[in-house]
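Asks: Below is one structure. I have some questions about it.
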Amino acid sequence: MNDRLRSRKFWIGLVIGIVAASGVGAALASIPDSAGVIHACYKSSGDLRVIEAPAAACKNGETPLDWNANGKAGPTGQRGPTGLKGDRGPTGQRGPTGQNGPTGLSGQRGPTGLTGQRGPTGPAGSGTVERAAVSSAGVLKGGTAIAASPVGTGAYSVTFSHDISSCMGTAAPGAWHGGGFTTDTVGTMVVPATGNSVTVFFNENGGTRTNTDFMLVLAC
């Protein structure tokens, strides 16, 4: 068996050497083939010949024998140990500033805050309100006035405790705590340039002076 194997190796080497030495381009072009496989035929006697497959084939009594010109790739080796960590490279140059992104969506409205504490009361205003209720006879019946008197038919003078020249007011017919007044009567108030008294006149429709109970208010 060993003699046969040695004889086979001998013939393989001999055939390859002959092919290589012959310089035949056609044989070199197809042995080995495009897949790197060498095709041959051998007999039980140990005879071996290389063929140019698939153009040629083994004859009767020959057994085909194929082998790679290059051996098969071995198994993948084990992974080697991790190498040492390299030094840190230099800091790269700063890149250009990017474009501004689109405006984000509006956020949801937050909850209503707690009601703040009430602030301190402000100082009292300097204005005052003066008032008077007078009967048709010119008698002072109530209010902040200090005196009232008739000065003619449908005319009355009402006096207060301070200067009322900067005040503005109005007078209208009306009963205060009882009494009576003339309907359809129009009151007119005259505020003096100086002093603490106002004069009030009442006229019926048509301009006739008439006495009536009335009330007046001054805003100072």
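The values are calculated or read from the model by the stated rules, or taken from the named source; none is laboratory data. Please read these numbers as outputs of a predicted model, since none were measured by experiment. Neighbour counts run over all protein chains shown; Cβ positions are idealised from the backbone, glycine included. For accessibility, only protein heavy atoms count, side chains too; no ligands or nucleic acids. Shrake-Rupley method; radii C 1.70, N 1.55, O 1.52, S 1.80 Å.
Asks: Quick one: accessible area per residue over the stretch 129-174, 1.4 Å probe, rounded to a whole number of Å²?
Replies: 44 Å²
Asks: With the contact rule set at Cα under 8 Å and sequence spacing of 6 or more, what percent relative contact order holds for the stretch 32-89?
Replies: In percent, rounded to a whole number, it is 33.
Asks: Return the loop-located GluC sites (Glu not before Pro) in the stretch 37-143 (DSSP other than H, G, I, E, B) with at most 12 other Cβ atoms within 10 Å of their own Cβ; answer none if there are none. Walk me through the numbers before you get to the answer.
Replies: Numbers: sites: E52, E62, E130; in loops: E52, E62.
Listed in order of number, the matching sites amount to none.
Asks: Now, a different point. Between N203 and I146, 0.36 nm times their residue separation minus their Cα-Cα distance comes to what?
Replies: 18.0 nm
Asks: Kindly state, as a whole number, the per residue volume in cubic angstrom of the convex hull around the alpha carbon atoms of the stretch 69-126.
Replies: Numbers: hull volume 37.8 nm³, N = 58.
Dividing the Cα hull volume of the stretch 69-126 by its residues yields 652 Å³.
Asks: Then there's this: How many nm separate the modelled label positions at S34 and T82, each set 7 Å beyond the Cα in the direction of the Cβ?
Replies: Each label point is offset 7 Å from its Cα along the Cβ direction, giving 4.6 nm.
Asks: Want the number for L114 to H162: 0.36 nm per residue separation, take away the alpha-carbon distance, what's left?
Replies: Here the segment from L114 to H162 would lengthen by 12.5 nm.
Asks: Next question, about the same structure. Please give the FRET efficiency for A73 paired with T103, using the beta carbon to beta carbon distance and R0 = 45 Å, rounded to the nearest 0.05.
Replies: With a Förster radius of 45 Å, E is 0.15.
Asks: Output the relative contact order of the stretch 30-129, whole-number percent, from Cα pairs under 8 angstrom with separation of 6+ residues. All intermediate terms of the calculation are to be shown ahead of the outcome.
Replies: Working: 60 pairs, mean separation 18.8, N = 100.
Value for the stretch 30-129: 19 percent.
Asks: I need the calculated FRET efficiency for the pair V186 and A137, taking r as the beta carbon distance and R₀ as 25 Å, to the nearest 0.05.
Replies: Plugging the Cβ-Cβ distance into 1/(1 + (r/R0)^6) gives 0.80.
Asks: Also, I was wondering about something else. Quick one: if you take sqrt(5λ) for each eigenvalue of the C-alpha gyration tensor of the stretch 95-167, what semi-axes come out, biggest first, whole angstrom? Walk me through the intermediate numbers first.
Replies: Values: eigenvalues 960, 52, 38 Å².
Computed over the stretch 95-167, the values are 69, 16, 14 Å.
Asks: Relative contact order for the stretch 65-202 using alpha-carbon pairs under 8 Å, separation at least 6, rounded to a whole percent?
Replies: With pairs under 8 Å counted, the relative contact order is 15 percent.
Asks: Could I ask something else about it? With no solvent and one point on each alpha carbon, what is the Debye value of log10 I(q)/I(0) for the stretch 135-220 at q = 0.18, 0.19, 0.20 Å⁻¹?
Replies: Summing over Cα pairs of the stretch 135-220 leads to -0.70, -0.78, -0.86.
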